[in-house]
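Participant: Could you have a look at this structure, given as structure tokens, before my questions?
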Amino acid sequence: QVHVVESGGGLVQPGGSLRLSCAASGSILGIYAMGWYRQAPGKQRELVAQISNRGPIDYADSVKGRFTISPVTDQNTVALQMNSLKPEDTAVYYCTARVLSHTTSRVDDYWGQGTQVTVSS
């Protein structure tokens, strides 16, 4: 079993910053990529940022220059530094990990439960 847990969400004023953290644990042989998605009320879930174990990084156009995803650590953690936050960044943020499982011997995507980020004055 693989578990993905996010932390660090909250309420912040426009222009402020937040740092989200994510940890993957369990029967992990290897992690190929980790990333962050978000879903605002009434909207589809969208990619925010993703990083692979080979280094390539993808960002949504709407967050480029404001958000930074950290490299995946040896402890299977990743962080998302969010600066210059805007009200339109308000959403539930989900962490995902593409994992080779020790239990299944397969590569699958695992998701966390999500953490709420609210940008409001």
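Participant: Working only within the stretch 40-87, note down all residues that are surrounded by 12 or more Cβ atoms within 10 Å (Cβ to Cβ) and in contact with a Pro (Cβ under 7 Å, 6 or more places away or on another chain).
Facilitator: Within the stretch 40-87, Ile51, Leu85, Lys86 qualify.
Participant: Right, another one. Given (1) open to solvent by 80 Å² or more (accessible area, probe 1.4 Å); (2) on the phi > 0 side of the Ramachandran plot; (3) of a type outside the set (Val, Ile, Thr), where does Gly26 come up short, assuming only one miss?
Facilitator: Of (1) open to solvent by 80 Å² or more (accessible area, probe 1.4 Å); (2) on the phi > 0 side of the Ramachandran plot; (3) of a type outside the set (Val, Ile, Thr), only one is false for Gly26: (1).
Participant: For the stretch 23-32, state whether one or more residues are in a strand (DSSP E or B) and under 12 Å from the mean Cα position of the chain (by Cα). Step through it out loud before you land on a result.
Facilitator: Start the filter on the stretch 23-32 by keeping residues that are in a strand (DSSP E or B), which leaves 23-26, 28-32.
Okay, now just the ones that are also under 12 Å from the mean Cα position of the chain (by Cα), so 23-24.
Yes, that holds for at least one residue.
Participant: Suppose the filter is open to solvent by less than 50 Å² (accessible area, probe 1.4 Å) and touching a residue at least 40 places away in the same chain (Cβ under 8 Å); does Arg19 pass it? Before you say what the answer is, go through the steps one by one.
Facilitator: Numbers: open to solvent by less than 50 Å² (accessible area, probe 1.4 Å): no; touching a residue at least 40 places away in the same chain (Cβ under 8 Å): yes.
Considered against the rule, which asks whether it is open to solvent by less than 50 Å² (accessible area, probe 1.4 Å) and touching a residue at least 40 places away in the same chain (Cβ under 8 Å), Arg19 comes out as no.
The values are calculated or read from the model by the stated rules, or taken from the named source; none is laboratory data. None of these values were measured; they are calculated from a predicted model. Glycine also receives a Cβ, built like all others from the backbone with ideal geometry; neighbour counts cover every protein chain displayed. Side chains included, ligands, DNA and RNA excluded: accessible areas come from the protein's heavy atoms. Shrake-Rupley method; radii C 1.70, N 1.55, O 1.52, S 1.80 Å.
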